[in-house]
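Structure, as structure tokens:
Computed from the coordinates by the stated procedures, all read-outs in this text should not be read as laboratory data. This one's a predicted model, so the numbers in the text were calculated from it and none came from an experiment. Cβ: placed from backbone, ideal geometry, glycine included. Neighbour counts: every protein chain shown.
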Amino acid sequence: MAITSCVCYRCAGTQPQKTALHRTDFRHDHMTPATPYALSPAFEQILARQCGWVEPFSGPVLARLAAGVKKIADIYTGGREPCAAFADPALRASYAAYYLPCNAVKLFPVLRELERCRSVLGRGPRLRVLDLGCGPGTLIAGLLDFCMQHGKKAALELDITAIDRDGGNCSSARELIQAYCAAAPEAPAVTAVHILTGDVHRLAMSAESGFDLIMAGNLVNELSADRHAAISRRIRALLKPDGIVIILDPGTHQSFKNLLQFRQELLGAQEIHLLAPCLQPGSCPLQHCPDAWCHEKLCWSPPGLVRLIDERTGFTKHKGVKFSYLVATRGASPARPCEGDKLWRVVSYVIRNKGEERLYVCNGRERRLLRRLARITSAASADFSVSERGDSVTVTGAEPRNGFFDIGPDAVFRKSSCQALPGTLAAHLNQPC
Ligand SMILES: C[S@@+](CC[C@H](N)C(=O)[O-])C[C@H]1O[C@@H](n2cnc3c(N)ncnc32)[C@H](O)[C@@H]1O
């Protein structure tokens, strides 16, 4: 089915469209390869429709959505009970227009890295997925969109369970999944959808009905620390052996501290092991750091509606979305070959000073500041300048100096791809690529 409307939801009609958009044609003329992460037009159009943004476009609708977005931000930053953000249908529409796409896209780089090193989406025809605190269906829709964009239809059937304590959100999630499946037949088949209204603490299922993938987006941030142990136990009980759990959180300093506490509970029982962002087991080098915390900033090609709301609110999500995350698996402890010591993750942006560039890397046990002088032209470390927060990189031959490690002419600093990682991350995970 072709979408016959000529409206481009990525630029919201601010750029002329030559042709009608076809559903599968999601690489717009003005979408550059430098911003690889984007929701598909099918997804954007569904969201636009769900939040009342239909032709003819109207300023008052946009003003209402923007006001709602501000209100939601105030609720979260003002420490008010977050339930208030979802009780009002108008605020739910604003969430769908703005926060939903901003959160859904955060799943993409996490799944992409996971897929490169340990396929979770190709492990069998039927993937059982659980979304905790699903909200209006954010991560389920993100997962469907990722699978569609990566041609996973043939390989995959999804059996979806999602839970949220807000009944309105549960209805929105159900509608979104239905609308997505109807509008995007290239997406993997959804063979079952169970949307449960209730508290995640009460989620009771036997381990036999375990899940291949458990996700929780911006939920841990809302859980008080005294509930971490119970939720962690529940996740462990519900995860299949070798299953994967993905936790995404807002990426603020405060939410990171909370996430670390949760991580401690989740990993405490020894049967769950971290896969990302940490590449080595250990206690987080940033746990007591007063001015730094582990987070990503994802550059993306946002929907036009997000841009327009940013214009009205002064928010900046169109420039990038922040998040902290963890990916863990249940199973035997992965082997840790010594080559793993070469593998690091970039945890800052490139800091450019006169005559040099610096950045931080971390492997989960140790954080290091690296420096590369501008006069170093070695191809082996050319990736230094173009590294981004979240990249995994192999580093060898960095010389310790006073307070930093120097990437000299003989050092290697290379962005990792699966092929470039024999014996490192792929071996950690006990899986051939
Ligand atoms: C910030 S929203 C995130 C929604 C969605 N996962 C996302 O990333 O956009 C947090 C959601 O968690 C739900 N929630 C919070 N605590 C919960 C609990 N104890 N049990 C079930 N749902 C909960 C809220 O109702 C809300 O929908």
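For this structure, a couple of remarks:
- Fraction of the pair-distance distribution of region 84-330 above 33 Å, Cα-Cα pairs, percent: 13 percent
- Residue 269-residue 189 pseudo-label distance in nm [points 7 Å out on the Cα-to-Cβ vector]: 3.4 nm
- Charge sum, other residues only, whose C-beta stays under 12 Å from residue 214's C-beta, Lys/Arg counted +1 and Asp/Glu -1: +3
- Listing 228, 288 from fewest to most neighbouring C-beta atoms within 10 Å gives 288, 228.
- Of 319/415; 70/106; 152/240; 106/153; 153/240; 153/415, pairs whose Cα-Cα distance is over 25 Å: 153/415
- Sequence-separation-based contact order of region 84-330, relative, with Cα cut under 8 Å and 6+ spacing, percent: 19 percent
- 13 Å beta-carbon shell around residue 73, net charge (K/R +1, D/E -1): +3
- Summing +1 for each Lys or Arg and -1 for each Asp or Glu among the other residues whose beta-carbon sits under 11 angstrom from that of residue 108 gives -1.
- Extension gain (nm, one decimal) between residue 237 and residue 84, 0.36 nm per residue minus Cα-Cα: 52.0 nm
- Distances between placed amide hydrogens fall under 5 Å for residue 134 paired with 163, 164, all partners being 5 or more residues away or on another chain.
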